[in-house]
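A.B. asks: Here you go, one structure.
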Amino acid sequence: MQLNTKHFGVIEVDEKEILYFPSGIPGFENVRKFVLLERQEADSPFFWLQCVDKPDLAFVVTDPFYIKEDYYVDVDDEEIAEIEINDPENVLTLAIVTIPEDIRFMTVNLKAPVLINMKNNMGKQVIMKNDTFPVRYYILTGGSEPPR
């Protein structure tokens, strides 16, 4: 299927690769189908979570374990029951990145990871209850404080 996107123009999407978010993403509950687009540059740690339902919507995402080596996800089984995760080995964990005009202030949301069950292509953004990781983790400074 073809998708006319805001950031990439017309792209070809394999329907088998569509990720389904039963509850949408917080703030975007009405859109449920996405596709993960590979890195545009080989050495970039960033990907795109491109919305299929609303092609002008796309999120920059990254591997939170790449950003913070001691990162971990702490969620209750009930929170992820709707995406039918049975084996943590089949889960792709991503974090949404915010890139402002001044990229020195780029942040990643470590508190609310996006979990994707790679067995059934179902996804969910979960909000961890503990305060171990912040909503705004400054990538370039490696912490909760913005660059000076």
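A.B. asks: Give just the number: which of (1) loosely packed, with under 12 Cβ neighbours inside 10 Å; (2) at pLDDT below 95 does PRO22 not satisfy?
C.D. replies: The failed condition is (2).
A.B. asks: Applying the selection to region 128-145, what residues are open to solvent by 50 Å² or more (accessible area, probe 1.4 Å) and modelled with pLDDT under 95? Can you show your working first?
C.D. replies: Of the residues in region 128-145, the ones open to solvent by 50 Å² or more (accessible area, probe 1.4 Å) are 129, 131-132, 135-136, 140-141, 144-145.
Once the filter is applied, which keeps residues that are open to solvent by 50 Å² or more (accessible area, probe 1.4 Å) and modelled with pLDDT under 95, region 128-145 yields LYS129, ASP131, THR132, LEU140, THR141, SER144, GLU145.
A.B. asks: Separate question: Residue under question is LYS16, and the condition is that it be over 29 Å from LYS129 (Cα atoms), open to solvent by 30 Å² or more (accessible area, probe 1.4 Å) and of a type outside the set (Asp, Glu); does it hold?
C.D. replies: Details: over 29 Å from LYS129 (Cα atoms): yes; open to solvent by 30 Å² or more (accessible area, probe 1.4 Å): yes; of a type outside the set (Asp, Glu): yes.
For LYS16, the condition - over 29 Å from LYS129 (Cα atoms), open to solvent by 30 Å² or more (accessible area, probe 1.4 Å) and of a type outside the set (Asp, Glu) - is met.
A.B. asks: Only one of LEU49, LEU36, LEU92, LEU110 is open to solvent by less than 20 Å² (accessible area, probe 1.4 Å), part of a strand (DSSP E or B) and of a type outside the set (Ser, Thr, Tyr). Can you tell me which?
C.D. replies: Numbers: LEU36 fails: open to solvent by less than 20 Å² (accessible area, probe 1.4 Å); LEU92 fails: open to solvent by less than 20 Å² (accessible area, probe 1.4 Å); LEU110 fails: part of a strand (DSSP E or B).
Answer to the selection: LEU49.
A.B. asks: On to the next question. Pairs please, first residue from region 50-64 and free of Cβ contacts under 8 Å to residues at least 60 places away in the same chain and closer than 15 Å to GLY27 by Cα, second anywhere and among the small types (Gly, Ala, Ser) and open to solvent by 10 Å² or more (accessible area, probe 1.4 Å), Cβ atoms under 8 Å, 6+ apart in sequence or on different chains.
C.D. replies: CYS51/ALA58
A.B. asks: Right, something else. Just the residues that are touching a strand residue (DSSP E or B) at 6+ places or on another chain (Cβ under 8 Å) and over 17 Å from ILE25 (Cβ atoms), please, taken from region 65-84.
C.D. replies: Answer for region 65-84, where residues must be touching a strand residue (DSSP E or B) at 6+ places or on another chain (Cβ under 8 Å) and over 17 Å from ILE25 (Cβ atoms): PHE65, ILE67, LYS68, GLU84.
A.B. asks: Could you check how many residues of region 22-75 are within 10 Å of the chain's Cα centre (by Cα) and among the β-branched types (Val, Ile, Thr)?
C.D. replies: Total satisfying the criteria: 4.
A.B. asks: Can you name the number of the only condition in (1) over 30 Å from THR141 (Cβ atoms); (2) surrounded by fewer than 17 Cβ atoms within 10 Å (Cβ to Cβ); (3) touching a residue at least 24 places away in the same chain (Cβ under 8 Å) that ILE80 fails?
C.D. replies: Result: ILE80 fails condition (2) only.
This table checks each residue for (1) out of contact with any Pro (no Cβ under 9 Å at 6 or more places or on another chain); (2) at pLDDT 95 or above.
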{"site": "LYS33", "(1), (2)": "yes, yes"}
{"site": "GLU38", "(1), (2)": "yes, no"}
{"site": "GLU41", "(1), (2)": "yes, no"}
{"site": "ASP56", "(1), (2)": "yes, no"}
{"site": "PHE59", "(1), (2)": "yes, yes"}
{"site": "PRO64", "(1), (2)": "no, yes"}
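A.B. asks: Checking TYR72 against (1) at pLDDT below 95; (2) under 26 Å from LEU140 (Cβ atoms); (3) surrounded by fewer than 18 Cβ atoms within 10 Å (Cβ to Cβ), which single condition isn't satisfied?
C.D. replies: (1)
The values are calculated or read from the model by the stated rules, or taken from the named source; none is laboratory data. Everything numeric in this text was worked out from a predicted model, so none of it was measured. For neighbour counting, all protein chains shown are included, and Cβ atoms are generated from backbone atoms with ideal geometry for every residue, glycine included. Quick note on the areas: whole protein, heavy atoms, side chains included, nothing else; ligands and nucleic acids left out. Shrake-Rupley method; radii C 1.70, N 1.55, O 1.52, S 1.80 Å.
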